[in-house]
1. Looking at chain B, I'd like the Rg to Rh ratio, where Rg is from alpha-carbon atoms and Rh is Kirkwood's inverse mean 1/r.
2. If you fit an axis through the alpha-carbon atoms of helix B:128-138 and take the longest principal axis of the Cα set of chain B, what angle between them do you get, 0 to 90°, nearest 10?
3. Take the alpha-carbon positions of the protein assembly as shown, form their convex hull, and give its projected area averaged over all directions (one quarter of the hull surface) in nm².
4. How many percent of the alpha carbon pairs in region B:199-315 exceed a separation of 20 Å?
5. Just order A:27-35, A:296-304 by mean Cβ neighbour count inside 10 Å, highest at the front, would you?
6. Compute the acute angle (0 to 90°) between the alpha-carbon long axis of helix A:169-180 and the principal axis of greatest extent of the alpha-carbon atoms of chain A; round to the nearest 10°.
7. Report, as an integer, the average count of C-beta atoms from other chains found within 10 Å of each Cβ along B:152-161.
8. Need one word for region A:106-197: rounded, prolate or oblate. Basis is the Cα gyration tensor (sqrt eigenvalues a ≥ b ≥ c); a/c below 1.5 gives rounded, then a/b vs b/c decides.
Protein chains: 2
Amino acid sequence: MIDKIIEVVRQCQRFLITSHVRLDGDALGSELAFYLVLKGLGKDVVVFNEDPTPENYLFLPGAAEITHHLEDPLLYEAAFLLDCSELERVGRESGRIAGIGKVINIDHHLSNDGCWEIKLLDPQASSTGELIWRIIKAMGISPTVEVATNLYTAILTDTGSFHYSNTTPEALKAAGELVAHGASPQWISQNVYENEPAEKMKLFGRVLDNLSLAEDGKVVMLTVRLRDIEEIGAKHYHTEGFVDAGRKMKGVLVSTLFTETDENVYKVSMRSKDDIDIEQVARVFGGGGHRNAAAFRIEGKIEAVQKRVLEVLKSQGVV
Amino acid sequence: MIDKIIEVVRQCQRFLITSHVRLDGDALGSELAFYLVLKGLGKDVVVFNEDPTPENYLFLPGAAEITHHLEDPLLYEAAFLLDCSELERVGRESGRIAGIGKVINIDHHLSNDGCWEIKLLDPQASSTGELIWRIIKAMGISPTVEVATNLYTAILTDTGSFHYSNTTPEALKAAGELVAHGASPQWISQNVYENEPAEKMKLFGRVLDNLSLAEDGKVVMLTVRLRDIEEIGAKHYHTEGFVDAGRKMKGVLVSTLFTETDENVYKVSMRSKDDIDIEQVARVFGGGGHRNAAAFRIEGKIEAVQKRVLEVLKSQGVV
């Protein structure tokens, strides 16, 4: 299938590259690496994302050239849909993008049903970045430092700094090759992970200080209160990732984060270890997600809300 | 030099393996990997460490067999001194270990002056684990899952999850090979990094919640008060690593952690970014360390102590 993709690159001149909303390092790194490679071949290329680039990824080479407004889709001969298992995840413009003559889907998500004619889907790959790297190598192109930087970022972030189970020998081999081509692990890590606003750190601190354990320490409950966000001067999006901290605690099987979005309205995010299925728990509350990461919304006073969630965790046999 | 080491392994039967006090993942992973390889060759091997194995490394294969009491050194024909640039860092038994006929030093520290007759020193290597891996490969030995697990842990921890500048192509290649031999990045990471006691997390939270910034956000000051440790029921050693969190903050050049060890007595730990030299600052207070990591002790009320440290940071031209 890589041959077909290379053929499209050879035949066409005008490309659109896009990915999912709620951008992450793999989406951005893959887009920008491929963008720079195509530009290097003298192609006309546009990277379109609905969402703005998160601040900690603005350092990525090429990030300043991403557009958030989609021109006439007929301008493009082919669209690359990266790291995206459903076209709807591109956002509002998904319908117009579907109208582009050729759509090429490159993705590593297990849930991708592969409905596109041209596709490179490999759930064994650590990241879409790893797949882009395969294509670049198959094209016989030696990557620039900028391309290597984008791809290293993709692999680094999607493997959680090489902590997750998708850290395969191939992922590490690819990462090593990218460093050999000039990607700087230290500089990249500093940009991605060491750029936290002080307000976020303070809010994180308050949340940890007020943590509570239940069910003999198997469940940790973290709570973000509206009044804390206001008092500290933090933003709602600063709570992203807080729930993962609960997983780092000894003995904890399920980490829950209760974020107050309006008075007495909570978004509940959950993370579980190993093969503990919490998606079923989220479904009881009308939410969803995956086996180890799920979320839902619930109204009520915090004590009652937490009590109810614990009840369901128990009745579903999770803890 | 690897040939000489392999020769010693062939010629001798009884080995001691040791490393530095204040054990870390590289010291332990290197010791235990080499221990298991030598045992596999039918040798008599003992791993001796003065310090007990930190709790989060007890999962390492072979960790239960480490001894903390040194038998008669004359029992051993050769001693492997791993990840250790000075014999003194082995602790109280360094003198007796020096008496062993052959001492083989394997290390990656820049400061190692290489005074041993048989040595494998490479400051370009990410870790001692990477050097042990080179030796094992040169011996033509296919590592067991247990050996691969120890070596992956060594490389993972000494590169700070592949974030530090010692994350070379070779380090990533070695890590990939070790995963191919059965090391599980997820299981290892969970054991090393996701085993934090709840008390430590609460204390960390309180420290973050009370952080203060100075010099336009270039300096962050974190404070651990005796009364917080007592109230939360945490231990003093739980503060290990807290100072690194300050480095993750945007705009921060120097992170300082003031840990109250006795009433109005503080241990001050400092971390700096890039080429900012804070060892000179520690020296003003009679302490020491390295360019990016230094520490000292100081007495006084917290406000006065912090004011004084800021003054020196400024007068030394650090911020």
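1. That ratio is 1.01, to two decimals.
2. The answer is roughly 20 degrees.
3. Projected area, direction-averaged: 30.5 nm².
4. Looking at region B:199-315, the distances longer than 20 Å represent 35 percent of pairs.
5. Packing proxy ranking, top to bottom: A:27-35, A:296-304.
6. Approximately 60 degrees, to the nearest 10.
7. 3
8. oblate
Since every read-out is calculated from the coordinates, none of them should be taken as a lab result. Please read all numbers here as calculations on a predicted model, not as lab measurements. So basically every Cβ, Gly included, is an ideal-geometry build from the backbone, and we count neighbours across all protein chains shown.
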